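Remarks on the structure that follows.
The values are calculated or read from the model by the stated rules, or taken from the named source; none is laboratory data. In this text, all values refer to a predicted model and were calculated from it rather than measured experimentally. Here the Cβ positions follow ideal geometry from the backbone for every residue, glycine too, while neighbour counts run over all protein chains shown.
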Amino acid sequence: MKIRDVMSKDVQVARPGDTIQDVAARMTSGDFGFIPVADGERLVGTVTDRDIAVRAVAKGLGPATPVSEVMTTEVVTALDTADLKTALDAMGGDKIRRLPVVDKHERLVGVVSLGDLSTRVKEKYAGETLETISQPG
């Protein structure tokens with residue numbers, strides 16, 4: 001089974017100039033804590049609710065701060081044609097719970113989460129990955 005078979009395809013995307021207040025409001029209304037940041041079709045970063053709390057609020061940045069100032073810019077991705085084990089390995093190795101998925105042209109086509117994978121792979125593999133992700137860095 002390939003990543004494209006389990007990934008979420010209906011993904012909210014932020015733009016680098018979007019404010020952290022706007023992104024946080026979208027996270028609240030959609031009940032999610034992760035948004036890829038794209039410039040056109042090119043993935044340039046990701047932002048989580050934790051990024052907003054730790055990189056913005058804790059530092060006193062205001063609600064009009066562009067998301068580009070708090071986003072993670074070194075993003076680990078997976079190809080949509082890769083197998084599920086590849087995604088688990090990337091998530092465990094980099095301690096991430098959500099993995100942006102790109103096509104062969106490096107366009108964002110979805111996001112795969114540990115939850116998406118846990119329903120499709122052996123429980124043992126998902127559990128091992130979660131354990132690795134959860135260990136203090």
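Taking the conditions (1) of a type in the set (A, V, I, L, M, F, W, C); (2) crowded, with 18+ Cβ neighbours inside 10 Å; (3) under 24 Å from Leu114 (Cα atoms) in turn, Val67 satisfies each one other than (3). For the criterion of being farther than 18 Å from Val109 by Cα, part of a helix (DSSP H, G or I) and modelled with pLDDT under 95, Arg4 fails.
The combined condition, being more than 19 Å from Ser113 (Cα to Cα), of a type outside the set (D, E, K, R), out of contact with any Pro (no Cβ under 9 Å at 6 or more places or on another chain) and exposed (fewer than 12 other Cβ atoms within 10 Å of the Cβ), is not fulfilled by Ala53. In the condition set (1) surrounded by fewer than 17 Cβ atoms within 10 Å (Cβ to Cβ); (2) at pLDDT 95 or above; (3) within 19 Å of Ser113 (Cα to Cα); (4) not hydroxyl-bearing (Ser, Thr, Tyr), Lys85 is compliant with all but (2).
For the range 16-71, enumerate the residues that are touching a Gly at 6+ places or on another chain (Cβ under 7 Å), hydrophobic (A, V, I, L, M, F, W, C) and farther than 25 Å from Lys104 by Cα. Matches in the range 16-71: Met27 only.
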